Amino acid sequence: MKRGIVYSLIFIVFFSISLISSIPASFVLGYLPPVRGLAIEGPSGTIWQGSAHKISWQGQDLGEVNWDVQWMPLLTGNAEVMLRFGRGSEMNLRGKGRVGYSLSRGAYVENLVASLPAKYIASKIPMPLPIDVEGQVELNVAQAVYQAPWCATGAGTLVWSSAKVGTPIGGLDLGPVITDIQCENSLLLAKGSQQSEQVSAAFSAEVSPNRQYVTSAWFKPGAAFPASMKSQLSWLGNPNAQGQYQFDYKGRF
């Protein structure tokens, strides 16, 4: 009798899982309340493994999104989804990674990679002078756990590859610009550098939970620094003993 009850329970559990896993994503999305600023077009597959032809957030086209819910974390009461996004995006976004929610940690991401053209990013930043940029910017997040307002913990890198900057008085080939990013209790720390024949530079920044920031940076003209730009350096004052022009800023945003 007991064995029959156990077998019946096992059958019911597996039948329920099979039934839920086959529910079409379009059916589920049709019953969810709308989220302001979020638009999902052309969903296909199931809620466990599927895709959406196009997803937009706050008017930004994220392109096609594919998801695959991971089964093993569910056994420990956690939810985890493998995402791939960006194909067909108007902003040429590309990305993939693991997004989840843990009962002990809360919302988190792991091994997230997102790439955008530097030109697109620059178009969204107000510039005092017309500046043209080239290259690709890639964000790699090894791990990050959400905690208001930024994160409880986090670690990653931001790489601007084949970086070039053009200004009305000349252009610079920066080479790769690499920045390491850390987060602890919503205190964001960034430290980066670059080096090319034209110029070398290093910088650091700290952003606190109350949106205050402190930055420090320097750059040093190299042997191939453009003559048209070298004549303008006098506006920056005198370099230090190492030939570096230093800058320090702090404020709040």
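The values are calculated or read from the model by the stated rules, or taken from the named source; none is laboratory data. Note that the structure is a prediction, hence the values are computed from the model and not measured. Neighbour counts run over all protein chains shown; Cβ positions are idealised from the backbone, glycine included.
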Out of ALA163, ALA144, ALA190, ALA152, which single residue is over 20 Å from LEU112 (Cβ atoms), assigned to a strand (DSSP E or B) and among the aliphatic types (A, V, I, L, M)?
ALA163
Does VAL113 fit the bill of being at pLDDT 95 or above, β-branched (Val, Ile, Thr), under 13 Å from the mean Cα position of the chain (by Cα) and surrounded by 16 or more Cβ atoms within 10 Å (Cβ to Cβ)?
no
Whichever residue in region 64-74 is at pLDDT below 95 and crowded, with 16+ Cβ neighbours inside 10 Å and, among such residues, is farthest from ILE121 (Cα to Cα):
PRO73
Residues in region 196-205: is at least one touching a residue at least 12 places away in the same chain (Cβ under 8 Å) and under 18 Å from the mean Cα position of the chain (by Cα)?
yes
Just one of (1) at pLDDT below 95; (2) surrounded by fewer than 14 Cβ atoms within 10 Å (Cβ to Cβ); (3) under 24 Å from VAL207 (Cα atoms) trips up ILE131, so point out which.
(3)
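This table checks each residue for (1) more than 27 Å from TYR108 (Cβ to Cβ); (2) surrounded by 15 or more Cβ atoms within 10 Å (Cβ to Cβ); (3) among the aliphatic types (A, V, I, L, M).
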| position | (1), (2), (3) |
| --- | --- |
| TRP160 | no, yes, no |
| ALA163 | yes, yes, yes |
| GLU197 | yes, no, no |
| ALA202 | yes, yes, yes |
| ALA205 | no, yes, yes |
| THR215 | yes, yes, no |
| PRO221 | yes, yes, no |
Which one of these does LYS96 not meet: (1) touching a Leu at 6+ places or on another chain (Cβ under 7 Å); (2) within 30 Å of LEU174 (Cα to Cα); (3) buried (at least 16 other Cβ atoms within 10 Å of the Cβ)?
(3)
